[in-house]
Each structure stands twice: as C-alpha cells, then as structure tokens.
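Novice: Starting off with a structure, shown below.
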Amino acid sequence: MAAAKIKKGDKVIVLSGKDKGKTGTVTIAMPKDGKVVVEGVNIATRHSKPSQADPQGGLKRVEAPLHISKVAHVTADGKPTRVRFETKDGKKVRVAVKTGDKIDG
C-alpha cells in the first residue's frame with residue numbers, strides 16, 4: 001500500500017462537489033477505504049427516533065466521509081497543492097509540490 005499523502009490533522013481544501021472551495025482539518029483518515037472526514041464539510045442530516053440513550057431524538061447533523069481525490073492540501077496562501085515524497089536526512093517527508101514546503105516534521 002502506498003504511503004498516505006493526506007493524514008489526520010492536515011489542512012485541506014475541497015476540490016469538487018457541493019462544498020467546493022471549503023477548507024477544514026482532517027479529523028478521520030480512512031486509507032483502506034480511500035476516504036477522509038473533514039471538519040465542517042459534507043454535513044449529512046440523520047433522522048433518529050427517540051430512545052433511552054437519546055430521549056429527544058430528532059435531526060442529527062454529522063460529517064460524512066469524502067473521497068480522498070476530492071480534497072487537496074492547502075498552502076500557506078490558501079491554494080490547493082499536490083503532495084510528493086522526498087528523502088531528507090534519511091527520512092521520507094511530505095513536500096508541497098507548488099511551494100516546496102515541508103508538510104510534516
């Protein structure tokens with residue numbers, strides 16, 4: 001399996017769909033499914049019946065997963081960029097293609 005280009009805690013921008021242009025932080029990364037959950041993006045409404053655990057019930061708004069191809073890393077100026085891997089000092093690091101900035105570490 002390839003190394004993860006987008007990980008939990010990364011700041012990303014949505015490239016397509018109803019939330020196109022919105023930015024947020026990755027809260028959950030699911031590399032096996034190729035999906036990510038982004039904070040405040042792709043909100044889905046779920047109807048829940050009242051139960052003992054939740055006596056109120058009603059509409060619950062939750063963040064649904066997005067396909068990883070729909071998001072991209074955000075540079076310091078707020079523009080999307082691809083990610084490449086470079087070896088620096090014997091360590092594999094993620095680097096923003098547009099700016100050349102190191103993403104982690």
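Novice: Please return the ranges of strands (runs of 3 or more DSSP E) entirely within the stretch 1-48 where 1 or more residues are touching a helix residue (DSSP H, G or I) at 6+ places or on another chain (Cβ under 7 Å).
Specialist: 11-14, 35-38
Novice: For the stretch 54-83, which residues satisfy the criterion of being surrounded by 16 or more Cβ atoms within 10 Å (Cβ to Cβ) and part of a strand (DSSP E or B)?
Specialist: E63, L66, V71, A72, H73, V74, P80, T81, V83
Novice: Continuing with this model, one more query. Identify all residues within the stretch 11-34 that are closer than 13 Å to E63 by Cβ, over 9 Å from the mean Cα position of the chain (by Cα) and not charged (D, E, K, R); write none if there are none.
Specialist: M30
Novice: Further question: If T87 satisfies every condition in (1) open to solvent by 70 Å² or more (accessible area, probe 1.4 Å); (2) closer than 19 Å to G34 by Cβ; (3) among the β-branched types (V, I, T) but one, which is the exception?
Specialist: Result: T87 passes all but (2).
Novice: Please specify each residue of the stretch 57-103 satisfying the condition of being on the phi < 0 side of the Ramachandran plot, in contact with a strand residue (DSSP E or B) (Cβ under 6 Å, 6 or more places away or on another chain) and free of Cβ contacts under 8 Å to residues at least 12 places away in the same chain.
Specialist: The one that is on the phi < 0 side of the Ramachandran plot, in contact with a strand residue (DSSP E or B) (Cβ under 6 Å, 6 or more places away or on another chain) and free of Cβ contacts under 8 Å to residues at least 12 places away in the same chain: E86.
Novice: Here's another thing I want to ask about it. So R46 clears everything in (1) within 14 Å of the chain's Cα centre (by Cα); (2) open to solvent by 50 Å² or more (accessible area, probe 1.4 Å) except one condition, right? Which one?
Specialist: For R46, the exception is condition (1).
The values are calculated or read from the model by the stated rules, or taken from the named source; none is laboratory data. Nothing here was measured: the structure is a model prediction, and the numbers come from that model. Ideal geometry is used to build each Cβ from the backbone, glycine not excepted, and the neighbour counts take in all protein chains shown. Surface areas here come from the heavy atoms of the whole protein model, side chains and all, with no ligands, DNA or RNA. Shrake-Rupley method; radii C 1.70, N 1.55, O 1.52, S 1.80 Å.
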